[in-house]
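K.L.:
Before I ask anything, let me first share the structure, which is written out below as structure tokens.
The values are calculated or read from the model by the stated rules, or taken from the named source; none is laboratory data. Here the structure is a predicted model, which means the values were calculated and not measured. As a convention, Cβ positions derive from the backbone with ideal geometry for all residues, glycine included, and neighbour counts pool all protein chains shown. The protein model used for the area step is the full one, side chains on, heavy atoms only, and it has no ligands, DNA or RNA in it. Shrake-Rupley method; radii C 1.70, N 1.55, O 1.52, S 1.80 Å.
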Amino acid sequence: MEQFVYKNHKKLRYGYTTGSCAAAASKAAAAMLLSGKEISYVELHTPKGIDLRLEVLDISREDNAVSCAIQKDGGDDPDVTNGILIYAKVSREPADEAQIIIDGGIGVGRVTKPGLEQPVGAAAINKVPRQMIRENLEAVCEQYHYHGKLSVVISIPSGVELAAKTFNPRLGIVGGISVLGTSGIVEPMSEQALISSIQVEMKQKSAGDRKYLLIAPGNYGLQYLSGNFTFEAEEAVKCSNYVGQTIDFAVNMGLKGVLFVAHIGKFIKVAGGIMNTHSREADARMEIMAACALRAGADADTANRILVAVTTDEGLSILKETPYWAQTMQIITEKVEYYLNHRAQGRLEIGAVLYSNAHGELGRTSLVEQLLEQLQEQKSKEE
């Protein structure tokens, strides 16, 4: 693709999604099947309004079927699927009326747990890619005056191996990767894909009667959770830096409560009302810790030593030497609770357990015990 966007003073190239590849491969295979001719390039109009002209690769024919591939190009967005081949095999089958059947083959995952966009047992080909495939095949059928049945199987030979590098195993999608994309276009360095994966995992984890969720911002939180509570890491949703967005999702999904188990390095920012904890968005870790220490009665020298500390663990070690440790931790915890509740606007029971790798548990907000009871009760009902 030749479209670009500028981010952080860099010129970055757009790419196209696995969904676009699947739709383009399907369109090309159907056109070759119904016309009897071979084509080298296929045109695809994406939902974003950008038109693609993609090379058709690895064409093979059978009596009533044609298979071909499109190579994924993620542009300048880092993605494990960049460069892989996505195949579509389109078969003509006898039928009394026009019909298009879409399924997944090797390397396309299968849904095994409820709560995802596709039902249990279905191929992990999301709604928009399915729509793109269907609309393009309908257009090809109309072009060649075909009114019978077409069966489409999307395959991604490298998908079995790549699945381990994605969220799919956590979501209960087995055997391969998902065919994704809502716009058909990959925006370089986009946060939307990660945010969407968090929302998908929250929906999956809250399927059925589950109304309470465990949330951990990162791998440290997952490890601390499984080592210190009666829950396993895979029971929690990893929200990365998107604390505020995760709360919004929980509210909009109608959940009753969420409990964060979070390292102080990220959640000290939440104590300052920062809801995206990525360092690119905001830091202020040591400033917030020093301010809370001053409120607890610490002197200016202690505050200055905290301010020049490099890590939150270093700042905590400085505090631990003073009489202000307990009061500072209480103030930080209260501020975290205030801003979590402010984001939820009273529509969610919400709490946080704060910890440090060096100093262990640091504090619990007021609803933690209540939320742990609800989560345990929810878990017991399912066992």
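K.L.:
Pick from Y339, Y324: which is open to solvent by 30 Å² or more (accessible area, probe 1.4 Å), in contact (Cβ under 8 Å) with a residue 24 or more places away in the chain, touching a Gly at 6+ places or on another chain (Cβ under 7 Å) and within 29 Å of A250 (Cα to Cα)?
P.N.:
Y339
K.L.:
Right, next: Quick check on my filter: what residues within segment 126-157 are polar (S, T, N, Q) and either at pLDDT below 95 or open to solvent by 80 Å² or more (accessible area, probe 1.4 Å) (or both)?
P.N.:
N126, Q131, Q143
K.L.:
A further question follows. So how many residues does segment 342-373 have that are assigned to a helix (DSSP H, G or I) and either open to solvent by 60 Å² or more (accessible area, probe 1.4 Å) or of a type in the set (F, W, Y) (or both)?
P.N.:
Number of matching residues: 5.
K.L.:
Also: So which residues in segment 136-166 are closer than 24 Å to V200 by Cβ, assigned to a helix (DSSP H, G or I) and in contact (Cβ under 8 Å) with a residue 24 or more places away in the chain, if there are any at all?
P.N.:
Passing the criteria: G159, V160, L162, A163, K165.
K.L.:
Being within 17 Å of K149 (Cα to Cα) and part of a strand (DSSP E or B) is the filter here, so list the residues in segment 75-103 that pass it.
P.N.:
A88, K89, V90, S91, R92, E93, Q99, I100, I101, I102, D103
K.L.:
Provide a single number: the residues in segment 264-302 that are surrounded by fewer than 22 Cβ atoms within 10 Å (Cβ to Cβ) and closer than 30 Å to G208 by Cβ.
P.N.:
So the answer is 1.
K.L.:
Among the residues in segment 47-61, are any touching a Cys at 6+ places or on another chain (Cβ under 7 Å) and open to solvent by 80 Å² or more (accessible area, probe 1.4 Å)?
P.N.:
yes
K.L.:
Considering only residues of segment 210-253 that are open to solvent by less than 30 Å² (accessible area, probe 1.4 Å) and assigned to a strand (DSSP E or B), which is farthest from Q370 (Cα to Cα)?
P.N.:
For segment 210-253, the residue satisfying everything is Y242.
K.L.:
Continuing with the same structure: For segment 291-305, give me each residue that is without any contact (Cβ under 8 Å) to a residue 24 or more places away in the chain and either touching a helix residue (DSSP H, G or I) at 6+ places or on another chain (Cβ under 8 Å) or assigned to a helix (DSSP H, G or I) (or both).
P.N.:
Hits for segment 291-305 are A291, L294, A300, D301, T302, A303, N304, R305.
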